[in-house]
Amino acid sequence: MKRENYIPIGTEIVLEKQINQLNGTSLEKLKLSKLASILSYYFHYLGHSESQELKLNYANYDPDRTPEERMLYSSKSDLTKFKSTFNTVIKKGNFTALEANELQEAIHSSDLIGLNLKINFEDFQEYKIYARGLTKQKEKIKKFYFWKKEIEIEYYERIVIYLHYQNEDYFIQKKQEVDELPFSPNSIVLKIFKRVPKNDLETIFPNAEPKMPLKDKLLLWIPGIGGGVPIITTKVVPALINISKAYKSGDQFQIEVLKNSLMQGGAALGVLGVYLFRQYKEYQNKINDFHRMLTDSLYFKNLGNNSGVFHSLIDSSEEEEIKESILAYCFLLQNSEPQKAEILDQKIESWFLNEFNVEIDFEIDDALSKLKKIGLASEENGLWKVLPLDDALMCVDNLWDSIFNFNEVEKK
């Protein structure tokens, strides 16, 4: 399984571990806690600014707004700026954009429902899926009628889907009534889900339609045609013709013989009908499983829709930013000598493996870049070092004080 940049351990746990492992006095540990607290406020401030930027530039594409509201923002919402900010927040939250082949693989294989789904991707101007937190879990799935098989299924802990629908002209050309569409043309639908099976990604698309797999078609049509046609042509139809002739001739004995033959043909058709019904019922059960999965996704797995997605994404990005910054700062602080970025990266990744049995691909360059921008770290000849705790606290205190300077505003 590919290592991710996502850190699956909570901020409080990471900070607590770092404070406990700090070689210093109780006062120094308190200072480290205070430093982390101010940094979290700083990242929260940055996240709020990004949230406001997202809301403004999304307003004209938000399907939850009325057409009249969207028109008010037609000159204010900038799609290019929205996509740029959205991708920045996604990256900060350590989400990864899934490739087209990963989605196609999911469409052609299903772990849980065993059903093929058809998605009309032409309905969208653009679509993207972002994921993080790939984990494995064993599940029991139904095989045949009574036997259950245990398989290992991969889940994404978080999935974000981005769907930009085509404009009105596209749907008019398809002879669809625009007013009857369950969505607004040219709108951007955003959804965030939890615990989505990797091989059932297609179920989160709103226009996914179930279609009968080839195997089920063969099990339904081959016995129907191969068994039904010979019975009808060799037993039922000839018996009906001969019975008609026997009635005309008045041959009662022949009528009784033909009636028995017709009943046998009818019984054979009945058995075949029961088999075909069971096969069709099995397919309908898969359809019901699909709808149940959609219901679960809607009520239990869905964490947000449209502009509501921003809150989850901003919160996730803030969490990842503070964890990366604290880890890079603490590991540099505990080394008396400046460190190379790649050595620091290995130490942090080894620490996660030893402490939590978790393999991650820590983004050391991003973490050090943040510390340098804040003023907590510096680099010389490829070697990194950080400010001591007292100086670091003064640095972030000045950083926080400079966020809003009334005197500078007054001068302008």
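The values are calculated or read from the model by the stated rules, or taken from the named source; none is laboratory data. Keep in mind the model is a prediction, meaning the values are calculated, not measured. Cβ sites come from the backbone with ideal geometry, for glycine too, and all protein chains shown count toward neighbours.
Restricting segment 12-25 to residues that are over 16 Å from Lys347 (Cα atoms) and crowded, with 17+ Cβ neighbours inside 10 Å, the residue that is farthest from the chain's Cα centre (by Cα) is Ile19. For Glu154, the test of being at pLDDT below 95, surrounded by fewer than 17 Cβ atoms within 10 Å (Cβ to Cβ) and within 25 Å of Ser312 (Cα to Cα) is passed. Screening segment 25-120 for helices (runs of 4 or more DSSP H) wholly inside it with 1 or more residues that are of a type in the set (Asp, Glu) returns the ranges 26-58, 67-72, 100-107. Evaluated against (1) surrounded by 13 or more Cβ atoms within 10 Å (Cβ to Cβ); (2) at pLDDT below 95; (3) more than 23 Å from Phe171 (Cα to Cα), Ile119 falls short on exactly one condition, (3). Residue check: Lys143 meets all listed conditions (1) modelled with pLDDT of 75 or more; (2) surrounded by fewer than 13 Cβ atoms within 10 Å (Cβ to Cβ) but one, namely (1).
Being over 19 Å from Asp315 (Cβ atoms) and surrounded by 17 or more Cβ atoms within 10 Å (Cβ to Cβ) holds for only one residue in Leu32, Leu79, Leu39, and it is Leu32.
Among the residues of segment 360-390, how many are in a loop (DSSP other than H, G, I, E, B) and more than 29 Å from Gly133 (Cβ to Cβ)? Even if it seems obvious, please write down each step before you answer.
Step one: list which residues in segment 360-390 are in a loop (DSSP other than H, G, I, E, B), which gives 361-363, 375-376, 381-382, 387-388.
This time we only want the ones that are more than 29 Å from Gly133 (Cβ to Cβ), so: 375, 381-382, 387-388.
The number of residues fulfilling the criteria is 5.
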